[in-house]
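Below is one structure; the comments refer to it alone.
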Amino acid sequence: MEEKKVMLSGIQPSGDLHLGNYLGPLRHWPEMIEEFDCYFFLADLHTITVRQDPAQLRRRVLTQVAQYIACGLDPEKCTLFIQSHVPAHAQLGWVLDCYTMFGELSRMTQFKDKAAKQKENINAGLFTYPALMAADILLYQPDFVPVGEDQKQHVEICRDIAERFNGIYGEVFKIPAPHIPKVGARIMSLNDPSSKMSKSNLEGCVTLMDKPEDILRKFKRAVTDSDTERCVRFAPQEKPGVSNLIQIYAAVTGKSFEEIEEAFAGKGYGAFKPAVGEAVVETLRPIREETERLLADKAYLEGVYKAGAERASRVAEKTLRKVYKKVGFVPRG
Ligand code: ATP
Ligand code: LTN
């Protein structure tokens, strides 16, 4: 029998999961479970590159485990785990730090953006984050890494690091490819369509746990464009606000941009915005309800992440042992 290809992805529990996280990568993950051998993790080690409140971090991690399952990741069919439960991530992260160049890290756009936002805390972890992310990936030897557009650069540096290491020591790591969805790869903020929807701008951000009335309010207030035409037409350059809403509507209803333009021809933005809001409410409702139900069952959640960490550790440690041997560390025996 041919072996299944391997796929891995993760999201930082640094804030509540939002519509961008869902329509970008998360929604596509369950589709991959049947076809690939899948690893999905919560990148909690990465979150402390930004100061976190400990109690809030714990709450978010548990919520995100429940949300992964509620979004359709059946823990029996994939490996679902918390990054800090598998020490090999930090261990390989250190090794890869030593094969990652200051110059290449300095060019990372996410580092530049985040450093500009937190001038008082430009810590070494924020800078070396891509080497830890490379370790997250390479430990599992995946073929694909499905992420949103903004993470492409990190997957590319991971390939560079892996190629450099392989160049010195032989074929240790498989070189992974990024996998970016066509629709929903970049959902923009509802109140500022020039920046991506993100946890750090709550008003323009719809979270997976938002109540229906809040979702509807956010969509009704969504910034649309000041053009005179005021018709629902996909034109990201001229009409970024309405084009973002069309992207969202297309992603949640499965309709094409043309079908949407036709359905709302002559109706203007006033009718379109609440329609998008309603469609999003209906998409997120079952996810929110299932998350709440799972969160009430802490023992079940613990069973899931414990089993996940054990499965992940077995694979990760195998790669780590190989790397330690290649660089010349004496085995403990
Ligand atoms: P931050 O607010 O700290 O930048 P974030 O909301 O961008 O965080 P991440 O944890 O960096 O979220 O991203 C998790 C995943 O979701 C990544 O694969 C990323 O590419 C994707 N993603 C994040 N924001 C969006 C968005 N607006 N549209 C589509 N995909 C997104
Ligand atoms: N940087 C990613 C989270 C992340 C990740 C990974 C994604 C950490 N390690 C490995 C894919 C593969 C982000 O979502 N901000």
Item to check | GNM flexibility winner over the chain from PHE219, PHE81, PHE257 (Cα, springs under 10 Å) | outcome: PHE257
Checklist entry - At a 1.4 Å probe, what is the % contribution of carbon and sulfur to the accessible area of region 96-223? => result 55
Item to check | Cα-Cα P(r), the chain, percent of pairs per 10 Å interval | outcome: 5, 24, 32, 24, 11, 3, 1, 0
Checklist entry - Cysteines of the chain lacking any other cysteine beta carbon under 4.7 Å? => result CYS71, CYS98, CYS158, CYS205, CYS231
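Only four residue types carry charge here, +1 at the Cβ of Lys and Arg and -1 at the Cβ of Asp and Glu. Report the dipole size of region 34-165 about the Cα centre in Debye, rounded to the nearest 20. The partial results should precede the final answer.
Details: 13 positive and 18 negative charges, 145 e Å.
That gives a dipole near 700 debye.
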Next on the checklist: Quick check on the chain: helices-only [θ] at 222 nm, where DSSP H runs of length 4 and up contribute -39,500 (n - 2.57) each and the sum goes over total residues. Nearest 500, please.
Outcome noted: -16500 deg cm²/dmol
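Can you tell me what share of the DSSP beta bridges in the chain is antiparallel? A percent to the nearest 5 is fine.
10
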Checklist entry - Taking the chain as a Gaussian network, Cα atoms linked when under 10 Å apart, which of ALA251, ALA307, ALA116 shows the biggest mean-square fluctuation? => result ALA116
Next on the checklist: With a 10 Å cut-off between alpha carbons and a GNM built on the chain, which of GLY72, GLY170, GLY20 moves the most?
Outcome noted: GLY170
Next on the checklist: Can you give me the % of accessible surface on region 39-83 that is carbon or sulfur? Probe 1.4 Å, all protein chains present, nothing else counted.
Outcome noted: 53
Checklist outcome for this item: Taking the dipole of the chain about the Cα centre (Lys, Arg +1; Asp, Glu -1; charges at Cβ), the one of HIS89, PRO146, GLN12 that reaches farthest to the positive side is HIS89
Checklist entry - Taking only the alpha carbons of region 1-104, what extent do you get along each of the three principal axes, in Å, biggest first? => result 41, 35, 24
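Kindly report the accessible area of the chain per residue (heavy atoms of protein chains, probe 1.4 Å, no ligands, DNA or RNA), in Å².
48
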Checklist outcome for this item: Partner lysines whose C-alpha sits under 27 Å from that of LYS218, ignoring same-chain residues fewer than 8 away, are LYS114, LYS117, LYS182, LYS196, LYS199, LYS239, LYS255, LYS267, LYS273
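The values are calculated or read from the model by the stated rules, or taken from the named source; none is laboratory data. Worth saying up front: this structure is predicted, and the values here are computed from it rather than measured. Neighbour counts are summed over all protein chains in view; Cβ atoms, including those assigned to glycine, are modelled from backbone coordinates with ideal geometry. To get the accessible areas, we keep the full protein, side chains included, count just its heavy atoms, and leave off ligands, DNA and RNA. Shrake-Rupley method; radii C 1.70, N 1.55, O 1.52, S 1.80 Å.
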